[in-house]
Amino acid sequence: MKQADQIIHARWVIPCEDLSILENHALIIEKGKIIDLLPSPEAEKTYSAPLIEHFSTHALTPGFVNTHTHIGMNLFRGLADDLALMDWLNHHIWPAERAWVSHELVYDASLLAAAEMIRGGTTCFNEMFFFLQATAQAADQAGLRGKIGITVIDFPTAWAKSMDEYLDKGLGFYEEYKNHERLGCTMAPHAIYTVAENTLTKIQRFAEKYRLRINMHVQETADEVRQSLAQTQKRPLRRLQDIGMVTPDLIAVHMTQIDEEDLEIVRQGKPQVVHCPESNMKLASGSSPVQTFRSLGLNVALGTDGAASNNDLDMIGEMRAAAFLAKLSTQNPQTLSAGETLQMATLNGAKALGLEQITGSLRVGKAADFIAIQLDEIETQPLYHPVSQIVYATSRQQVSDVWVAGKRLMKNRELLTLDERELLRKTKEWQQKIKVNQA
Ligand SMILES: [Zn+2]
């Protein structure tokens, strides 16, 4: 018998390397990694482990990769809704940020978001906000994997007063976390309308020097494109191409306003695209031509955007929205199948972050980042096809167990790394303070 740390048997295992579904298989885990994936009867003959578990009514899938978040803003969830992006930012979110954003707020918001992500089956996230150490400390404590953006915006915030300060603090963060086992960074210029072109050039050099991806909101709204054309006679993507930024190292978030010229630019440059359908629908920003990007060979991942504009960090809900929107906008129900959508929420996210050798699918050699979804509930019975059921009928409350690098973060809905009651207490305290200030 070969020895391992854990053997996890399940009714279904959905690796997401391709569209296959394995029945009655077991994941074998050793030192936080998947060392084998094989039929349960064979696993019983081949391996022994101190921890053997059976998930006889569950599907195991890779943990979700939420490829666009602002978890440091989680305490602003529901603060202002039903507004257009620029009204929402200028009159509600940026003033609230000026009044409240601090290390302490970002830490508490990130813990709240980490708890929500784990409860919804997310094991990896891609963050853009300020007070990077606060988010990193919260994510580390929670046990999550993630990329934290060295966020840059051309106006002073509580985090930094000048471009040099944003970059200096970013470099400090990079140095502090460059060898961390689960956390890393990206460069994250907020958007073309908030970061000047010479700053973008600096960021590009910085990203090349430290081999970091660039995470940026790109062509999120028609206004952004109009403003860019009025100021420079060029669309944002053309400006990014001119400074050499449209490459596979660009994580282009939203991409809802796309014309023929844009398509030619992305066909050549092959950036990573992050689709955030719920945020795009709620802010009426537009609809990203996901199927066209995919047909051009681009990798399209999925993100929720911040809870302040979505208003949740629910990747199962986001998958459903992505599939439905793709079908509606192409007027073709075959567009974005359930299996393709599940891959978008897992492996494609890992690819977008350059983590596809580490996470995003259940493959021997990768980290044991996976979840168990309880399918034996009224809401998901009868069950003819587990992947369809997960994408079209399951709620995030059915995620029962979560592991990152083989470590259990949630067991039968109970968080093991975070104190739920304390989180709720702190959140209510913040709500009181923020509400008084808003009134
Ligand atoms: Zn965003």
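The values are calculated or read from the model by the stated rules, or taken from the named source; none is laboratory data. Quantities reported herein were computed from a predicted structural model and do not represent experimental measurements. Positions of Cβ are backbone-derived with ideal geometry, glycine not excepted, and every protein chain shown enters the neighbour counts.
The residues listed here are 80, 43; of these, the one that is within 16 Å of the ligand (Cβ to nearest atom) and either more than 23 Å from residue 417 (Cα to Cα) or part of a strand (DSSP E or B) (or both) is 80.
Looking across the range 211-232, just one residue is within 16 Å of the ligand (Cβ to nearest atom), part of a helix (DSSP H, G or I) and crowded, with 19+ Cβ neighbours inside 10 Å, and that is 224. Within the range 211-222, residues that are more than 17 Å from residue 201 (Cβ to Cβ) sit with their Cβ atoms under 6 Å from residues that are part of a loop (DSSP other than H, G, I, E, B) and within 13 Å of the ligand (Cβ to nearest atom), at 6+ positions apart or across chains, in these pairs: 219/255; 220/285; 221/285. Within the range 374-418, the only residue that satisfies the criterion of being more than 12 Å from residue 121 (Cα to Cα) and in contact with a Phe, Trp or Tyr (Cβ under 7 Å, 6 or more places away or on another chain) is 386. Residues of the range 169-187 that are in contact (Cβ under 8 Å) with a residue 40 or more places away in the chain and not aliphatic (A, V, I, L, M): 173, 176, 177, 180, 181, 182, 185, 186. Residue 360 meets each of the listed conditions (1) surrounded by fewer than 18 Cβ atoms within 10 Å (Cβ to Cβ); (2) in contact (Cβ under 8 Å) with a residue 40 or more places away in the chain; (3) in contact with a Ser or Thr (Cβ under 6 Å, 6 or more places away or on another chain) apart from (1).
Reported count of residues in the range 32-62, each being more than 25 Å from residue 120 (Cα to Cα) and basic (Lys, Arg), is 1. Just one of the listed residues (164, 87, 108) is assigned by TED's automatic domain parsing to the domain that holds residue 223, under 29 Å from residue 414 (Cβ atoms) and assigned to a helix (DSSP H, G or I), namely 108. The listed residues are 63, 78, 72, and the only one of them that is modelled with pLDDT under 95 and under 21 Å from the mean Cα position of the chain (by Cα) turns out to be 78.
Given the criteria over 30 Å from residue 109 (Cα atoms) and touching a residue at least 12 places away in the same chain (Cβ under 8 Å), does residue 240 qualify?
The answer is yes for residue 240.
Among the helices (runs of 4 or more DSSP H) confined to the range 251-349, the ones with at least 1 residues that are surrounded by fewer than 17 Cβ atoms within 10 Å (Cβ to Cβ) and within 16 Å of the ligand (Cβ to nearest atom) are located at 277-282.
No other residue among 150, 192 is in contact with a Phe, Trp or Tyr (Cβ under 7 Å, 6 or more places away or on another chain) and either crowded, with 23+ Cβ neighbours inside 10 Å or of a type in the set (Asp, Glu) (or both) apart from 150.
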